[in-house]
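All remarks here apply to the structure that follows.
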Amino acid sequence: METYNPQEIEPKWQKYWEENGFYKAEDFSLPRRQAGRKPKQYLLLEFPYPSGDGLHVGHCRPYCALDAIARQKRMAGANVLFPIGWDAFGLPTENYAIKHGIHPSIATQKNIANFKRQLKNLGLSFDWSREINTTDPKYYKWTQWIFLKLLEKDLAYQAEIPINWCPACKIGLANEEAVGGACERCGAVVERKVQKQWMLKITAYADRLIDDLEGLDFPERVKSQQINWIGKSFGTEIQFPINNLSISVFTTRADTLFGVTAMVLAPEHPLVEKIVAPENKESVKKYIEDAKRKSDFEREKLEKEKTGVFTGSFCRHPLTDEKIPIWIGDYVISAYGGGAVMMVPAHDQRDFGFSKKYNLPLKIVICPNYPEPVCPILDKAYEGEGHLVSSGKFNGLKSAEAIKKITKELEKKKLGKETIQYKLRDWVFSRQHYWGEPIPVVHCPKCGTVPVSEKDLPVELPYIEKYQPSHTGESPLSAITDWVNVKCPTCGGPAKRETDTMPNWAGSNWYFMRYCDSNNDKALADPKKLKYWLPVDWYNGGMEHTTLHLLYSRFIYKFLFDIKVAPQKEPYQKRTSHGVVLAGDGRKMSKSFGNVVNPDDIVQKYGADTLRVYEMFMGPFDQAISWNEDGVKGVARFLEKAWKISLTCAGNKQSNEDILRAIHKLNKKISEELGQMKFNTIIAGFMEFVNLAQEKPTEVGSDAIERMLILLSPFAPHMAEDLWSRLGHKNSIFQEKWPEYSEEIIKKDTTILVIQINGKTRDTIEVKTGISEKEARELTLSQKKVKTYILDKEIKKVIFVPGKLINIVV
RNA sequence: GCCCAAGUGGCGGAAUUGGUAUACGCGCCAGCCUUAGGAGCUGGUGGAGCAAUCCUUGAGAGUUCGAGUCUCUCCUUGGGCACCA
């Protein structure tokens, strides 16, 4: 018997599949209503970032999983689109290029070639004819086009906002490069530097991004994380007058309005300058300067100790006209709720701490045990709801009702209104780096900011030698004068190009649309093709993208829907998430820990099929799990056994009843569980079948073996294909139809009946399937073992679950 | 603090959704084979006990004829958000 030699058979079949174009998705399948038209199925995985490190076995898990699903769906008759491409702009490549002295464009090519080789070694069934690359000008032309459309609809704008600035390296850092408030390169403390940035108005879509989640097949945790991130809260906006001005605050607890003892403004609040009393100017100035110097990190660290400074000024309570002191505190976020807070120390823990520190008064207005007039002595704020006290004509009302009535009263006085606040911020969409899509805009001294005209797209990223970040905070592109200096598209006068580039999320916003028509040079994609393929039926990706890429691309898709480019309002019908593969030591796989497992090594040692099956078997797909090479060996043993048993039994005629039943049960299991991504139990099912077949090989016929191979082919495609041909088949196993199972065969004419006494299992008996309760009862009571348990006790009740168990209560 | 998951053998994990807890794999033990094995094969393997039997799904209560699964309280771990007013 030929031994199982994956190193020999795998390249052979990979070549065969590719040459025969088995994975090509057909646009439109057949015309509508024509017989044989296949249903479309768009399966998508997050396209990889081709880093210099190459793929590790963690990347492979979702690839193997979706590949198995793609293969199965094709066999079940679907027209499957399973594409792949490269998300190649961005910092990691830029840093890699700087470190190794290789131009980013060269590094990208090199890395892509390496990734491609690695992926092809796994025998994944991607449609390579649709491959895309976000750094290809033919691709990013349309990324820039989308930007122009956003600009046209006022959803892109410029604003002065703080960025992370490393004073030592003199460069702006992305948030992920400044984790913990320290520069990733040199460790210096990161400062905030205000700079003009391009922003996208994602907040305009906040409600739709929440509401349209309904009806999508996303995991609950994904939905709730997005909803949380958007952070919608209903409340009241209240004006506190000060002379002819007013301070606007947002609160969700208007019922505590009579408990306000102070007003606290964020240090950046625009009114600060106007209202500080002369005698407090010095102390306020010092406080604000200190606050500015504090990094976000320090601000977080000081979470417990809130600080502030009195401005010396007072505003008026909107309903009582009382004088209310105005403070400044850096715990107030300037970007949320108007950058001002009404302080209610009795009913908010933060305010409680603040007023205790500065000896401010405290006024109880919510009583949890009304009508008991006595409220407990406070050692902390009471944040719950209750009945109002000391609140004038609102006394005795419950919180919820009081919020309504107080808001109404404020509305009457034009000092407040119902409002909604979001935590979601607009999206900072520019980077001062080289390796990204140029923002297609020109700055003209006469005409202002002018968009590049569509016919001049793409604005190509110039090939430059010095792509290191500049020390001025500007993009390195700003030094390329012959690229920067252009004629204004409007007036023809001298103007300058925008030198900022887009973040690496830009290309991934819409890449799944490009797969529908990846070579189109007239449009982002042919609308008919978009309509045929979209939405994506199934999108698998990492949880870490839930509030980034997944949210961003939903926003962009909705925008494209609004301008009639995208055919629906949501891009992804179903979302699943894979768990991370950790290294054997339980830590994240990382070059710096030296614990990365390279799939090349596993493929070389055990074969791609072993790697694929192990990836599926190692544990529940959506959970994090550690790599364990002993487990890989176990899978290798299993495939070896499956190989042997297939060749041993291939010449046998018909399987006996037990074997036939077992293979149909396995067939059923896979058909049911594949869609639920229960890969680990599916592989366990194969192992059980092979173990059973090994016990009685003479009873296993070629019918069962062939069925097993077809079932196995999505998971171990090379081995299944090879054995299929060894069994004498001239066609590819992937041209076979996905087999139907028969409930008739699965059903047995006897079943095991569990006997319980008082709910405890005491015995099992084999009985005819469909036995009546009366028969079962008689049979049970005649069992010797049962008799010893019952003895002379009285039988109170008998519970009979047909086909399962009988329970005798004594 | 808030939100979301999850706690089952020595380990990764199964359990048809309320019906034989520990499938499958790893590891371990014994035996066989081998010059040898970090190879292969066979058998065993939750705990206690000589045994019959008893105990066992983070802890405790509850519902039920019957609970890993449902309800409540608590504990622990992981993930996300976090001074969001």
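The values are calculated or read from the model by the stated rules, or taken from the named source; none is laboratory data. On a predicted model such as this, the values are computed, not experimentally measured, just so you know. When we count neighbours, we look across all protein chains shown, and the Cβ atoms used for this are built from the backbone with ideal geometry, even at glycine. Calculation scope for accessible area: heavy atoms of the full protein, side chains included, ligands and nucleic acids excluded. Shrake-Rupley method; radii C 1.70, N 1.55, O 1.52, S 1.80 Å.
Below, the figures for the structure above:
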| item | result |
| --- | --- |
| Test: residue in the range A:65-80 that is open to solvent by 10 Å² or more (accessible area, probe 1.4 Å) and free of Cβ contacts under 8 Å to residues at least 24 places away in the same chain | no |
| Which listed residue is on the phi < 0 side of the Ramachandran plot and open to solvent by 40 Å² or more (accessible area, probe 1.4 Å), from A:Pro445, A:Pro469 | A:Pro445 |
| Meets criteria (modelled with pLDDT of 90 or more, open to solvent by 20 Å² or more (accessible area, probe 1.4 Å), closer than 29 Å to A:Thr419 by Cα and not aliphatic (A, V, I, L, M)) for A:Pro278 | no |
| Scan of the range A:636-653 for residues that are farther than 13 Å from A:Phe686 by Cβ and open to solvent by less than 10 Å² (accessible area, probe 1.4 Å), ordered by number | A:Cys649 |
| When residues of the range A:602-620 are limited to those that are closer than 15 Å to A:Tyr63 by Cβ and hydrophobic (A, V, I, L, M, F, W, C), the one surrounded by the most Cβ atoms within 10 Å (Cβ to Cβ) | A:Val613 |
| Residues satisfying the stated conditions in the range A:627-672, i.e. among the hydrophobic types (A, V, I, L, M, F, W, C) and within 20 Å of A:Arg726 (Cβ to Cβ) | A:Ala636, A:Phe638, A:Leu639, A:Ala642, A:Trp643, A:Ile645, A:Leu647, A:Cys649, A:Ala650, A:Ile663 |
| Some residue of the range A:741-758 being under 51 Å from the mean Cα position of the chain (by Cα), charged (D, E, K, R) and part of a helix (DSSP H, G or I) | yes |
| Whichever residue in the range A:310-362 is in a strand (DSSP E or B) and in contact with a Pro (Cβ under 7 Å, 6 or more places away or on another chain) and, among such residues, is surrounded by the most Cβ atoms within 10 Å (Cβ to Cβ) | A:Ile328 |
| Single residue of the range A:221-242 satisfying the filter (touching a Ser or Thr at 6+ places or on another chain (Cβ under 9 Å) and open to solvent by 50 Å² or more (accessible area, probe 1.4 Å)) that is farthest from RNA strand B (Cβ to nearest atom) | A:Phe234 |
| Selection count where residues are open to solvent by 30 Å² or more (accessible area, probe 1.4 Å) and in a helix (DSSP H, G or I), scope the range A:654-672 | 8 |
| Selection within the range A:693-717 - open to solvent by 40 Å² or more (accessible area, probe 1.4 Å) and farther than 14 Å from A:Thr648 by Cα | A:Arg707 |
| Selection count where residues are more than 14 Å from RNA strand B (Cβ to nearest atom) and small (Gly, Ala, Ser), scope the range A:754-775 | 2 |
| Scope the range A:691-718; condition within 16 Å of RNA strand B (Cβ to nearest atom) and either farther than 22 Å from A:Lys678 by Cα or modelled with pLDDT under 95 (or both); matching residues | A:Asn691, A:Leu692, A:Ala693, A:Gln694, A:Glu695, A:Lys696, A:Pro697, A:Thr698, A:Glu699, A:Val700 |
| Subset tally (residues that are hydrophobic (A, V, I, L, M, F, W, C), in contact with a strand residue (DSSP E or B) (Cβ under 7 Å, 6 or more places away or on another chain) and open to solvent by less than 40 Å² (accessible area, probe 1.4 Å)) for the range A:414-442 | 6 |
| Single match in A:Glu778, A:Glu721 (criterion: open to solvent by 70 Å² or more (accessible area, probe 1.4 Å) and either part of a strand (DSSP E or B) or away from RNA strand B (no atom under 13 Å from the Cβ) (or both)) | A:Glu778 |
| Pairs where the first residue, in the range A:681-702, is under 16 Å from A:Ala636 (Cα atoms) and the second is open to solvent by 40 Å² or more (accessible area, probe 1.4 Å) and near RNA strand B (Cβ under 9 Å from one of its atoms), C-beta under 6 Å, 6+ apart | A:Ile683/A:Phe617; A:Val690/A:Lys641 |
| Candidate set from the range A:303-333 (those that are basic (Lys, Arg) and near RNA strand B (Cβ under 10 Å from one of its atoms)); member that is modelled with the highest pLDDT | A:Lys306 |
| A:Val276 being aliphatic (A, V, I, L, M), within 16 Å of RNA strand B (Cβ to nearest atom) and in contact with a Gly (Cβ under 8 Å, 6 or more places away or on another chain) | no |
| Count of residues meeting criterion [aliphatic (A, V, I, L, M), open to solvent by 40 Å² or more (accessible area, probe 1.4 Å) and within 16 Å of RNA strand B (Cβ to nearest atom)] in the range A:724-753 | 1 |
| Pick from the range A:81-119, criterion assigned to a loop (DSSP other than H, G, I, E, B) and closer than 30 Å to A:Asp500 by Cα, ranking: most open to solvent (accessible area, probe 1.4 Å) | A:Gly101 |
| Residue, nearest to the chain's Cα centre (by Cα), within the range A:2-17, restricted to residues that are loosely packed, with under 15 Cβ neighbours inside 10 Å and modelled with pLDDT under 95 | A:Gln7 |
| Any hit, the range A:478-495, residues being at pLDDT below 95, closer than 21 Å to A:Ile161 by Cβ, more than 28 Å from the chain's Cα centre (by Cα) and outside any helix (DSSP H, G or I) | no |
| Any chance A:Ala642 is in a helix (DSSP H, G or I), more than 10 Å from RNA strand B (Cβ to nearest atom) and modelled with pLDDT of 90 or more | yes |
| Matching residues, the range A:397-413, being open to solvent by 20 Å² or more (accessible area, probe 1.4 Å) and more than 30 Å from A:Lys201 (Cα to Cα) | A:Leu397, A:Lys398, A:Ala400, A:Glu401, A:Ile403, A:Lys404, A:Lys405, A:Lys408, A:Glu409, A:Lys412, A:Lys413 |
| For A:Asn111: the one exception among (1) of a type outside the set (Val, Ile, Thr); (2) in contact with a Gly (Cβ under 8 Å, 6 or more places away or on another chain); (3) modelled with pLDDT under 95 | (3) |
| Options A:Tyr358, A:Tyr336; residue that is within 16 Å of RNA strand B (Cβ to nearest atom), closer than 24 Å to A:Lys274 by Cβ, touching a strand residue (DSSP E or B) at 6+ places or on another chain (Cβ under 8 Å) and without any contact (Cβ under 8 Å) to a residue 60 or more places away in the chain | A:Tyr358 |
| Verdict on A:Thr256 being within 10 Å of RNA strand B (Cβ to nearest atom) and over 37 Å from the mean Cα position of the chain (by Cα) | yes |
